[in-house]
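Here's the structure we're looking at; comments come further down.
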Amino acid sequence: MTAIIDADGALLGRLSTYTAKRLLNGEEIAIINAEKAIISGKKASVKKQYKAKRELGTYRKGPFFPRMPDRLVKRTVRGMIPYQTPHGRAAFKRLKCYIGVPKEFEGKTAEVIEQAKKQPVDFITIEELSRSLGANV
């Protein structure tokens, strides 16, 4: 049984920590509406930070940083899991992220994480950030 979490309007960091804990406990989780999650902070500074992360390294060796919204959310959750250990890698494989709501989850109810729903004054959506990084969302 897969737990479905709706990321619409949720703070990315709080959503990721909550998801990481549940993944490490052995749950299978699907995050829908990944592009509607938000990052707190001024738009210009957030874009600058993520652009710097993307430009790090070389095109051959990496580290490679994603542009797509679902991949950005998945990468953030990965940062909160010890993914280089067997336990962490197994937990990371149980995570699926989706842009929008896929057909398999359309009729089902999704969890809304109340701890992640605090609306900050300055924020940017993952979709807007992805577009500024060059993704075609």
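Derivation of every value follows stated rules applied to the coordinates shown; laboratory data play no part. Values in this document were obtained by computation on a predicted structure and should not be read as measured data. With ideal geometry, Cβ positions are generated from the backbone for all residues, glycine too; neighbour counts draw on all protein chains shown.
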Give me the mean projected area, in nm² to one decimal, of the convex hull enclosing the Cα positions of segment 62-103.
3.5 nm²
Share of Cα-Cα pairs in segment 18-78 beyond 18 Å, whole percent, is 48 percent
Mean separation of Cα contacts under 8 Å (6+ apart) over length of segment 2-133, as relative contact order %:
43 percent
Separation in nanometres of the label points that stand 7 Å from Cα toward Cβ, at R60 and E114:
5.4 nm
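Looking only at the chain, where both bridge partners belong to it, what percent of the DSSP beta bridges are antiparallel (to the nearest 5)?
30 percent
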Trypsin sites (Lys or Arg not before Pro), restricted to segment 42-105: which are DSSP loop and have at most 10 other Cβ atoms within 10 Å?
R60, K61
Quick one, can you get me the convex hull of the C-alpha atoms of the chain expressed as volume per residue in Å³?
112 Å³
